[in-house]
Amino acid sequence: METEMPLTTTNVDDKLFMGEVDMGDQQRVNDEDNSQTEDSEEEGKFNFSVLADYSIESTVPPHDFDSPYSKLPQNVKMDKVKEYVYNSLKIKSEKKKERFKQLFEIEHVDAIISDSFWYVICRVFKPDQYIHHEEFFLDRIAANYVSFTLHDEFMGDADDTSKKGSESKNRHYKKLSEKDSFFKNFYNHIAQSVFSSLFLAYPKSRSKLKEDVRRNLLDIFSELFTGTQIKSASYDHWKCESGSANVLAGGPKETTKSDKPLTLADVKKVKNAGRTKRDLVHMKYSPLVERYLKSHKYETMNNVRGWKMLLTQRTGIQKEIDEKFEKYRQIADQIVEEKNIIAKEYADFAEEIAKKKAKNEAEAKRHIDTLKKKSKELMENGCAEYANMLVSLFNYEYGGNND
């Protein structure tokens, strides 16, 4: 039976810690202790069930309410999940990539990924069955997320009195810039990590992990971490390499290339969908930060002024537009390919002509040298010999015919 969940708290007064659980009054703790043996047996069965069945249907969310975060199923290794994220990074600089790995290895990330995994199990795959669990996991994710954003790795040394002047400020602003860069696509990395964990944990349920699940995960975590669903967020770069195949995609995709090249006639005209709908969104804190602030009743949470933003919804017509421009891209690629083929043919033809030209020039030079040599000999021997030679040639050509 669903029980009420305790709230999480995070100590941010002195040193940063991961979210810890405040169990409430002592009587409630005693009640939990009385059922601890029974709960332990249930948890043992749960772990065995995950390893034996490997299916989402048999999964029961953990109830380790006194832990900093709930662990992933035993057959899912956090290092492997993070490795998939690292292999999918689009960061070109090796130095920045190593720095990202260093930050992503902080244990706060493990906590956020693990609790996000169980939150998705409750919300997406077992809706309305574990409502209190959902709320508890959200509280703990919010606590660990806020604690993570205030980590020393991001804050720099702006308050360090040992460093004065521009050196301290520059280091502080550099840290803040690095923080912005790291958290820009943080929701995407968490969504990928959760999807990878689902894929690895439940091989019998992989038929359910289709593209709509990936899109749903991006919608959920982009809204939790930013306050709005980022429909333009992509999961195409998600990778889970097994040999040469991307197992997250269910193996390498078979693409059939038509022998007939695309033309502009193949590009369908997009239907006019009318005016695009724009929603007014009130922005202030992200849902996770706002949840944390409300649960701890911070008096200063209203110091940040909110603002309004009009967001254009991504509709089905956008998919048609994307397909249209994808065909334009294919046509452009075909033109470039044909241009390269023609350019190569021209280069080969020009090379062949150049060789023939060089050969003809060499023969012409030899012929000119021969004529010069003959002319010199004739000048030295006089015109009589040349005249005799002409007469002999004439007689040879025409004398025989007269006979």
- line: When the stretch 126-143 is checked residue by residue, the ones that are under 25 Å from the mean Cα position of the chain (by Cα) and surrounded by fewer than 22 Cβ atoms within 10 Å (Cβ to Cβ) are none
- prompt: Hey, among Val120, Val124, which residue is at pLDDT 90 or above, of a type outside the set (D, E, K, R), touching a helix residue (DSSP H, G or I) at 6+ places or on another chain (Cβ under 6 Å) and not in a loop (DSSP other than H, G, I, E, B)?
  reply: Val120
task: Go through (1) modelled with pLDDT under 80; (2) surrounded by 11 or more Cβ atoms within 10 Å (Cβ to Cβ) one by one and return the number of the condition Leu288 breaks.
output: (1)
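Scan Glu320, Glu337, Glu363, Glu397 and give me the residue that is under 27 Å from Ala233 (Cα atoms), in a helix (DSSP H, G or I) and either modelled with pLDDT of 85 or more or not assigned by TED's automatic domain parsing to the domain that holds Thr226 (or both).
When all the criteria are applied, what remains is Glu320.
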- request: With respect to Tyr145, determine if the residue is part of a helix (DSSP H, G or I) and closer than 30 Å to His296 by Cα.
  value: yes
query: Restricted to the stretch 65-96, and to residues that are in a loop (DSSP other than H, G, I, E, B) and touching a strand residue (DSSP E or B) at 6+ places or on another chain (Cβ under 9 Å), which residue is surrounded by the fewest Cβ atoms within 10 Å (Cβ to Cβ)?
result: Asp66
message: For the stretch 88-109, check the following and say yes or no: at least one residue is within 24 Å of Tyr202 (Cβ to Cβ) and modelled with pLDDT under 90.
response: yes
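Can you name the residue in the stretch 307-317 that is loosely packed, with under 12 Cβ neighbours inside 10 Å and modelled with pLDDT under 70 and, of all such residues, is farthest from the chain's Cα centre (by Cα)?
It comes out as Trp307.
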- prompt: When both residues are 6+ apart or on different chains and their Cβ atoms are under 7 Å apart, which pairs have a first residue that lies in the stretch 330-350 and is on the phi > 0 side of the Ramachandran plot, and a second that is assigned to a helix (DSSP H, G or I)?
  reply: none
message: Tell me yes or no: at least one residue of the stretch 217-239 is modelled with pLDDT of 85 or more, among the charged types (D, E, K, R) and assigned to a helix (DSSP H, G or I).
response: yes
statement: Pairing a residue in the stretch 353-377 that is free of Cβ contacts under 8 Å to residues at least 24 places away in the same chain with any residue that is of a type outside the set (Gly, Ala, Ser) and exposed (fewer than 10 other Cβ atoms within 10 Å of the Cβ), where Cβ atoms lie under 9 Å and the two sit 6 or more apart in sequence or on different chains, gives none
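The values are calculated or read from the model by the stated rules, or taken from the named source; none is laboratory data. No experiment lies behind these values; they were computed from the predicted model shown. Note: ideal-geometry Cβ built from the backbone for every residue, glycine included; neighbour counts use all protein chains shown.
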